[in-house]
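The structure under discussion appears below in the form of structure tokens.
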Amino acid sequence: MVARVSTVAFEGIEAVPVDVQVMVGPGKIGMNIVGLPDKAVAESRERVQAALHASGLSMPPKKVTVNLAPADLPKEGSHYDLPIALCLMAALGAIPGDAIADYVVLGELSLDGTIAAVAGALPAAIGANAIGKGLICPHDSGPEAAWAGAEVDVIAPRSLIGIANHFRGTQVLARPEASIHAPARNLPDLADIKGQESAKRALEVAAAGGHNLLMSGPPGSGKSMLAQRLPSILPPLARKELLEVSMIASIAGELGGGKLTDRRPFRAPHHSASMAAMVGGGLRIRPGEASLAHNGVLFLDEFPEFIPQVLDALRQPLESGECVIARANHRVTYPARIQLVAAMNPCRCGMAGSPGYKCLRGPRCQSDYQARISGPLMDRIDIRIEVPAVSAADLIRPSRAEPSSAVAERVARARAIQRERFAGFGLAHATTNAHCSAALVEEIAAPDAAGLALLRDASEKLGFSARAYHRVLRVARTLADLDGEAKVGRIHLAEAISYRMSAERMAQAA
């Protein structure tokens, strides 16, 4: 007799169905697991046997064969423990086999029979719902799985004995409740920053349209402080965005206590991050920082200090909104629609261009340092600003600056305008101007005659690429949305063009 239980394998954030088959028959006593298991799955043999013994069940003195089908799909992770144990219990008659046929099962077993939390409960629940089944998962993963929908039957036992009693009818396990973290109340506030009014304006524009931003300035000018306060003016995640972000975090094992949060991700990796850490990869092809920042902010401080190849690997995610990780026998895609925010010093000394300072290394110090960032990557950054050192007058000034709450209201209004506009075009996936297609932005950001003349002159003098041309239009459309204007005017284009120009180009244009 062969007992069967459904579980899943993960390819990116997709849950691929896996059929666990157990046969108890004559032969050499022992348990064999086949179906391309990795080391963690092969070791589940010992965990399953110990957990069954602790729960009052003993292994039969027969040959036990466990097959994980399809046999040519690699099986990775410890979440196969519980489906193997339940399938074996069904084969031994400890629980009715038809009772678990309508569920997808995942969970890691402890030696005492308790069930430990595993990564991927939310994608597994969504995958189970897609094939019309419920989910059996660890108790600590239950609140996370409950977000898949009220129609999904979720059972979250604490131990093997608990799930056995549930199916025998001697104990009823209540459906877990979806839980969410309380809104963060201690976010850094823009009111803490004195001076830097032009930089705050650029930060507001970037937040309103989801635009990529590069801040350049001497050490101590407040670049990192500005970036750290960007989450305080961003709107919360919508429900669809919340599920997308949480699925990635679930696969990465970063959902604490199974609770979700509607706060947009803010990832700030160190500049020593490797290629796999940034875009994803490794032995099990886990999501990288770009995917973990999906629908949020990826902040790269000390921008030129990152490995140039790692920075250039971000060019595809910035354009397509996803990270495609290809291996000889594996291909995984993770969502990565990110807002890139970067900060850098103008040169290795950090003080190039500052009044009264002359770099001992000469002008090549600045040019060589900035050359570490490739032109194609810079072309994908919509807003580039200079952040000068804060003056003593700004620091001494007693009055507080505008708080984040006031800026967040303007950002929310601008984003609401964008959502309504894109919904009118039937584009549910596009919610900000930064992710609008080139063909559509020419329609929604068509400037007036004066603005068109300015844009033509600027494109010729500054040598804008086609990508730069459309990105200027996107930023101008965001500026018009902040002003509540239906038409993009010359003043909006002038400000948008100024954000594309570095100090050197501005001097040349003058």
>> At 0.36 nm per residue, and after removing the present C-alpha to C-alpha distance, how many nm does the segment from Glu254 to Met59 gain when stretched out fully?
In response: 66.7 nm
>> Between 0 and 90 degrees, rounded to the nearest ten: what's the tilt of helix 404-424 against the longest Cα principal axis of the chain?
In response: 80
> Ignoring ligands, DNA and RNA, what accessible area per residue does the stretch 311-434 give at 1.4 Å, in Å²?
Replying inline: 53
> So for the chain: antiparallel DSSP bridges make up what percent, rounded to the nearest 5?
Replying inline: 50
>> To test your reading of the geometry: what angle, between 0 and 90 degrees and rounded to tens, separates the Cα axis of helix 466-482 from the longest principal axis of the chain?
In response: 90
> With each pseudo-label sitting 7 Å past Cα toward Cβ, what's the Ala446-Ala191 distance in nm, one decimal?
Replying inline: 4.5
>> Need the full-extension length gain, Asp98 to Ser437, defined as separation in residues times 0.36 nm minus the C-alpha distance. One decimal, nm.
In response: 117.0 nm
>> Quick check: the angle from helix 81-92's long axis to the longest principal axis of the chain, C-alpha only, nearest 10 degrees?
In response: 20
> Across the stretch 143-151, in residue order, what do the Karplus-derived ³J(HN,Hα) couplings come to in whole Hz, using 6.51 cos²θ - 1.76 cosθ + 1.60 with θ = phi - 60° and x for Gly and Pro?
Replying inline: x, 5, 5, 5, 5, 5, x, 5, 7
> Suppose R0 equals 30 Å; then what is the FRET efficiency for Ser110 and Gln171 from their Cβ-Cβ distance, rounded to the nearest 0.05?
Replying inline: 0.95
>> Loop by DSSP (not H, G, I, E, B), at most 13 other beta-carbon atoms within 10 Å: where is the longest site-free stretch of the chain for chymotrypsin sites (Phe, Trp or Tyr not before Pro)?
In response: 1-356
> If you place +1 on the Cβ of every Lys and Arg and -1 on the Cβ of every Asp and Glu, how big does the dipole about the Cα centre of the chain come out, in debye to the nearest 20?
Replying inline: 660
>> Considering only C-alpha atoms, what is the centroid distance from the stretch 53-84 to the stretch 166-232, in Å?
In response: 43
>> Taking 30 Å as R0, compute the FRET efficiency from the Cβ-Cβ separation of Ala371 and Phe425 and round it to 0.05.
In response: 0.15
>> Once R0 is set to 45 Å, what does the formula 1/(1 + (r/R0)^6) return for the Cβ-Cβ distance between Ala494 and Glu14, expressed as a FRET efficiency to the nearest 0.05?
In response: 0.45
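For the stretch 338-381, with all protein chains present and a 1.4 Å probe, just round the carbon and sulfur fraction of the accessible area to a whole percent.
Here it works out to 55 percent.
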> With every protein chain present, what is the per residue accessible area of the stretch 1-144 (1.4 Å probe, Å²)?
Replying inline: 39
>> Please give the Cα centre distance for the stretch 269-329 versus the stretch 410-481, rounded to the nearest Å.
In response: 27
> Within the chain, what is the longest stretch that has no trypsin sites (Lys or Arg not before Pro) placed in a DSSP loop and near at most 12 other beta-carbon atoms within 10 Å?
Replying inline: 186-357
> Residue-wise, which Karplus ³J(HN,Hα) couplings in Hz belong to the stretch 110-121, taking 6.51 cos²θ - 1.76 cosθ + 1.60, θ = phi - 60°, and x for glycine or proline?
Replying inline: 8, 5, 8, x, 7, 10, 8, 5, 10, 7, x, 5
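The values are calculated or read from the model by the stated rules, or taken from the named source; none is laboratory data. The structure displayed is predicted, hence computed values, not measured ones. Backbone-built Cβ (ideal geometry, glycine too); neighbour counts: all protein chains shown. We work out accessible area using only protein heavy atoms, side chains counted, and drop any ligands, DNA or RNA first. Shrake-Rupley method; radii C 1.70, N 1.55, O 1.52, S 1.80 Å.
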